[in-house]
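The values are calculated or read from the model by the stated rules, or taken from the named source; none is laboratory data. Computed from a predicted model, the values in this text were never measured in an experiment. Quick reminder, even Gly has a Cβ in these numbers, built from the backbone with ideal geometry, and neighbours come from all protein chains shown.
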Amino acid sequence: MRRHSIGRDSVVVVMGASSGIGRAAAHAFARRGARLVLAARSSSSLDDVAGECRARGAARVTTAPLDITDADAVADMIAATERAYGGIDVWVSASSVYGFSRFEESPAHMVRRILDVNLIGTMEAARLAIPVLRRRRGVMILVGSVFSELAAPYVVPYVTSKHGIAGFAKGLRLELRGQVDVCTVMPATIDTPIHQHAANHTGRKIRPLPPVVAPERVARAIVRLSRRPRRNRVVGRAQGVMVPIRRVLPGVVDAFTARYMELVGIRRSPQPPHDGTLHVPDPPSNTVEGGWRVWRRLWRGRRS
Ligand SMILES: NC(=O)c1ccc[n+]([C@@H]2O[C@H](COP(=O)([O-])OP(=O)(O)OC[C@H]3O[C@@H](n4cnc5c(N)ncnc54)[C@H](OP(=O)(O)O)[C@@H]3O)[C@@H](O)[C@H]2O)c1
């Protein structure tokens, strides 16, 4: 994998740019002066992110409101990007939906939608981007998860989709050797609104599994991968270390993550079932941070 320089001539497409990690990555590329194409479903959020990116120094910004499962819309966006910018150097794939439920009680539409967006939509969009990326020997960065390697109860379709991303990246990397650098970033728990966006059919409130890491750390890892591609980068050491440990002690790590999810991730307080942003986006909740970092919350509370 070769080094790339990211600057005012670089064209970066961020899928899932309206919120969380994608939004933080858009900011980070903007600071390097890149030309940006920002895609997600929420048009109003994308307009906000475009303004933030211009203020941070992006040479040019275009928004593309689309659903990643709409292959025609993705193809149109890629064609428009080629016409306007002449090509694509970096493809960041951060779109995703999330959902909590014991698997046998999961509504079929939730299972299907998580796989459609996180895996099939992501693969199909990547397939459409490959010929354009190849022309500039570009970089594709797929956002997986520590759940690309680990597992937990209550989030089986999501875990399945993220394991799928790991397999997809491994195979694609071999096919595209010397043509497009394919990387995965595997975040641990990150402080984004993903838990506010998640569907929840457990009957109980949910919360992220600590420790919770700043989204800017993932954004920095993504920019680093775009400059110096490598196969994988885990962000969030405390949970990330479970990945190599599980290769040696799978039973111990699986038992731990199952108990951790049951005791910490699923709370006692009741929560009526809902579909979160599975089918419909929620622009007001689209922000970089989810407000889950305890020390940060306490510190802000002391100051206010
Ligand atoms: N936060 C974590 O703890 C964590 C940990 C590991 C991995 N990850 C991964 O990191 C990536 C980003 O997640 P996040 O934490 O930043 O979550 P997030 O804040 O909920 O952002 C998800 C993004 O995906 C977009 N999106 C959702 N459905 C879409 C669709 N059908 N078509 C197009 N865009 C769609 C959302 O925008 P719209 O709703 O406007 O479409 C949003 O921009 C995901 O791949 C996630 O699996 C997150």
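May I ask you to list the residues in region 83-128 that are aliphatic (A, V, I, L, M), part of a loop (DSSP other than H, G, I, E, B) and within 14 Å of the ligand (Cβ to nearest atom)? Spell out how you get there, then give the answer.
Of the residues in region 83-128, the ones aliphatic (A, V, I, L, M) are 84, 88, 90, 92, 94, 97, 108, 110-111, 114-115, 117, 119-120, 123, 125-126, 128.
Next, from what is left, pick out any that are part of a loop (DSSP other than H, G, I, E, B): 88, 94, 97.
Residues satisfying the conditions are Ala94, Val97.
For (1) touching a residue at least 24 places away in the same chain (Cβ under 8 Å); (2) of a type outside the set (Gly, Ala, Ser); (3) buried (at least 18 other Cβ atoms within 10 Å of the Cβ), each residue gets a yes or a no:
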{"position": "Val212", "(1), (2), (3)": "yes, yes, yes"}
{"position": "Arg227", "(1), (2), (3)": "yes, yes, no"}
{"position": "Met242", "(1), (2), (3)": "yes, yes, yes"}
{"position": "Arg247", "(1), (2), (3)": "no, yes, no"}
{"position": "Arg267", "(1), (2), (3)": "yes, yes, no"}
{"position": "Thr277", "(1), (2), (3)": "yes, yes, yes"}
{"position": "Pro281", "(1), (2), (3)": "yes, yes, yes"}
{"position": "Trp292", "(1), (2), (3)": "yes, yes, yes"}
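For region 51-65, give me the residue count where each residue is of a type in the set (A, V, I, L, M, F, W, C) and either assigned to a strand (DSSP E or B) or surrounded by 21 or more Cβ atoms within 10 Å (Cβ to Cβ) (or both). Walk me through how you get there before you give the answer.
Of all residues in region 51-65, those of a type in the set (A, V, I, L, M, F, W, C) come to 53, 55, 58-59, 61, 64.
From what is left, the residues that are either assigned to a strand (DSSP E or B) or surrounded by 21 or more Cβ atoms within 10 Å (Cβ to Cβ) (or both) are 53, 58, 61, 64.
Summing the residues that are of a type in the set (A, V, I, L, M, F, W, C) and either assigned to a strand (DSSP E or B) or surrounded by 21 or more Cβ atoms within 10 Å (Cβ to Cβ) (or both) in region 51-65 gives 4.
Residue under question is Pro131, and the condition is that it be surrounded by fewer than 23 Cβ atoms within 10 Å (Cβ to Cβ) and not in a loop (DSSP other than H, G, I, E, B); does it hold? Steps first, answer last, please.
Details: surrounded by fewer than 23 Cβ atoms within 10 Å (Cβ to Cβ): yes; not in a loop (DSSP other than H, G, I, E, B): yes.
For Pro131, the condition - surrounded by fewer than 23 Cβ atoms within 10 Å (Cβ to Cβ) and not in a loop (DSSP other than H, G, I, E, B) - is met.
Which ones in region 58-95 are within 19 Å of the chain's Cα centre (by Cα), more than 17 Å from Met140 (Cβ to Cβ) and not hydrophobic (A, V, I, L, M, F, W, C)?
Thr63, Pro65, Asp67, Thr69, Asp70, listed by residue number.
Applying the selection to region 214-225, what residues are surrounded by 20 or more Cβ atoms within 10 Å (Cβ to Cβ) and touching an Asp or Glu at 6+ places or on another chain (Cβ under 7 Å)?
Within region 214-225, just Pro215 meets the criteria.
Within region 1-50, how many residues turn out to be assigned to a loop (DSSP other than H, G, I, E, B), within 14 Å of the ligand (Cβ to nearest atom) and of a type in the set (Gly, Ala, Ser)?
Residues of region 1-50 that are assigned to a loop (DSSP other than H, G, I, E, B), as a first pass: 1-10, 16-19, 32-34, 41-42.
Cutting the leftovers down to within 14 Å of the ligand (Cβ to nearest atom) gives us 16-19, 41-42.
Now restrict to residues that are of a type in the set (Gly, Ala, Ser): 16-19, 42.
Summing the residues that are assigned to a loop (DSSP other than H, G, I, E, B), within 14 Å of the ligand (Cβ to nearest atom) and of a type in the set (Gly, Ala, Ser) in region 1-50 gives 5.
Is it fair to say Phe100 is in contact with a strand residue (DSSP E or B) (Cβ under 9 Å, 6 or more places away or on another chain), buried (at least 20 other Cβ atoms within 10 Å of the Cβ), touching a residue at least 12 places away in the same chain (Cβ under 8 Å) and farther than 24 Å from Val223 by Cα?
Yes; evaluated as a whole, the condition is true for this residue.
For every residue, the table says whether it meets (1) away from the ligand (no atom under 16 Å from the Cβ); (2) of a type outside the set (A, V, I, L, M, F, W, C); (3) outside any strand (DSSP E or B).
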site	(1), (2), (3)
Ala169	no, no, yes
Gly178	yes, yes, yes
Cys183	no, no, no
Ala221	no, no, yes
Gln239	no, yes, yes
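I'd like to check something: does region 101-113 contain any residue that is within 23 Å of Phe29 (Cβ to Cβ) and modelled with pLDDT of 95 or more?
No, region 101-113 has no match at all.
Just need a number here: residues in region 11-50 that are of a type in the set (S, T, N, Q) and surrounded by fewer than 24 Cβ atoms within 10 Å (Cβ to Cβ).
Summing the residues that are of a type in the set (S, T, N, Q) and surrounded by fewer than 24 Cβ atoms within 10 Å (Cβ to Cβ) in region 11-50 gives 3.
Name every residue in region 272-283 that is more than 12 Å from the ligand (Cβ to nearest atom) and over 13 Å from Gly99 (Cβ atoms), in order of residue number.
Of everything in region 272-283, just one residue is more than 12 Å from the ligand (Cβ to nearest atom) and over 13 Å from Gly99 (Cβ atoms), namely Pro272.
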